[in-house]
Amino acid sequence: MMPRAILLLFVASALGGATVVDRMALVVGKHAIKLSDVFRDLGATEFLNREQPNFNADARHKAADRLIEQTIIRDEIANGGYKWASSADADALLNKIRQERFSDSSVRLRAELSRYGLTEPELREQLLWQLTVLRFIDQRFRAGVLITDEDVRNFYDQHLADLKRQYPQDSSFETLKPKIRASLEGERINQNFVESIEGARKRVHVRYLQGAFE
């Protein structure tokens, strides 16, 4: 059992100068994840999904599951030499959120982020990570995906009624062929990614530390 002195990390809090205990929540392979990491992921996810802040035990467990997967992905990115998304892309996405949700007001954005226990730099960091994951998935799994003309044709024939409703102006096969191919490629890429993550999770040792999710 890990000594209690190692389990607890102390960080200074701006709230009245008090000292807040930030304990380790779980260990994924050789990587320790702190409780503050769990809360930060949870706050960012709920903010981006426009959900009400909810930090109960069940929500923290779901955040921990996401962080397990993110830890696996971080190792793959590092070991495979995959590049991160650019800071400019993260800034552009942050600006888009500020404009569309807060009328381009940084004051309103920061006020809303505070409800989720987040700062603007932390949100930007989360956006940079999400863009990096999307880039990694595309680089890592697209090369192994092959969608044949037969696949596209079969999808078109099987979903023709829905496609006609969705594209009433022109639902011909030639017009929709590129869209169908892109959709099928996306589904196959995501399927390959999920299968890879599930396999990696079976191989990695995860240990939840007592008291972190109570």
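The values are calculated or read from the model by the stated rules, or taken from the named source; none is laboratory data. Predicted model only: the values in this text are computed from it and were never measured. Glycine gets a Cβ as well: all are built from the backbone with ideal geometry, and neighbour counts include every protein chain shown. Remember, those area values only see protein heavy atoms, side chains included, never the ligands or the DNA or RNA. Shrake-Rupley method; radii C 1.70, N 1.55, O 1.52, S 1.80 Å.
Annotations for the structure displayed:
- The residues of the range 57-71 that are open to solvent by 70 Å² or more (accessible area, probe 1.4 Å) and free of Cβ contacts under 8 Å to residues at least 24 places away in the same chain, listed by number, are Asp58, Lys62.
- Residues within the range 164-195 that are under 24 Å from Phe141 (Cβ atoms) and not aliphatic (A, V, I, L, M), tallied: 14
- Test: Arg165 is free of Cβ contacts under 8 Å to residues at least 24 places away in the same chain and out of contact with any helix residue (DSSP H, G or I) (no Cβ under 6 Å at 6 or more places or on another chain): yes
- Whenever a residue of the range 118-131 is farther than 14 Å from Glu46 by Cβ and outside any helix (DSSP H, G or I), its partners that are open to solvent by 30 Å² or more (accessible area, probe 1.4 Å) and among the charged types (D, E, K, R), lying with C-beta atoms within less than 8 angstrom and at least six residues away or across chains, give the pairs Thr119/Arg110.
- Residue check, Asp170 open to solvent by 50 Å² or more (accessible area, probe 1.4 Å), out of contact with any Ser or Thr (no Cβ under 8 Å at 6 or more places or on another chain), outside any helix (DSSP H, G or I) and of a type in the set (D, E, K, R): yes
- Any hit, the range 94-109, residues being of a type outside the set (Ser, Thr, Tyr) and within 16 Å of the chain's Cα centre (by Cα): yes
- Residue in the range 72-95 that is touching a residue at least 60 places away in the same chain (Cβ under 8 Å) and surrounded by 18 or more Cβ atoms within 10 Å (Cβ to Cβ) present: yes
Let's see how each residue does on (1) of a type outside the set (A, V, I, L, M, F, W, C); (2) assigned to a strand (DSSP E or B); (3) at pLDDT 90 or above:
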site: Asp22; (1), (2), (3): yes, yes, no
site: Ala32; (1), (2), (3): no, yes, yes
site: Ser36; (1), (2), (3): yes, no, yes
site: Phe47; (1), (2), (3): no, no, yes
site: Glu51; (1), (2), (3): yes, no, yes
site: His61; (1), (2), (3): yes, no, yes
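- Scanning the range 188-198 for residues that are under 13 Å from Ile68 (Cα atoms) and free of Cβ contacts under 8 Å to residues at least 12 places away in the same chain yields a count of 1.
- Just one residue in the set Leu123, Leu134, Leu160, Leu146 is aliphatic (A, V, I, L, M) and surrounded by 15 or more Cβ atoms within 10 Å (Cβ to Cβ); that residue is Leu123.
- The set of residues from the range 102-113 being in a helix (DSSP H, G or I), free of Cβ contacts under 8 Å to residues at least 12 places away in the same chain and surrounded by 12 or more Cβ atoms within 10 Å (Cβ to Cβ) comprises Phe102, Arg108, Arg110.
- Checked against (1) more than 16 Å from Ser114 (Cβ to Cβ); (2) within 13 Å of the chain's Cα centre (by Cα); (3) of a type in the set (D, E, K, R), Glu46 passes all but a single condition, namely (1).
- Taken over the range 173-206, residues that are open to solvent by less than 90 Å² (accessible area, probe 1.4 Å) and outside any helix (DSSP H, G or I) amount to 2.
- Those residues of the range 142-155 which are assigned to a helix (DSSP H, G or I) and modelled with pLDDT of 95 or more, in sequence order: Asp149, Glu150, Asp151, Val152, Arg153, Asn154, Phe155
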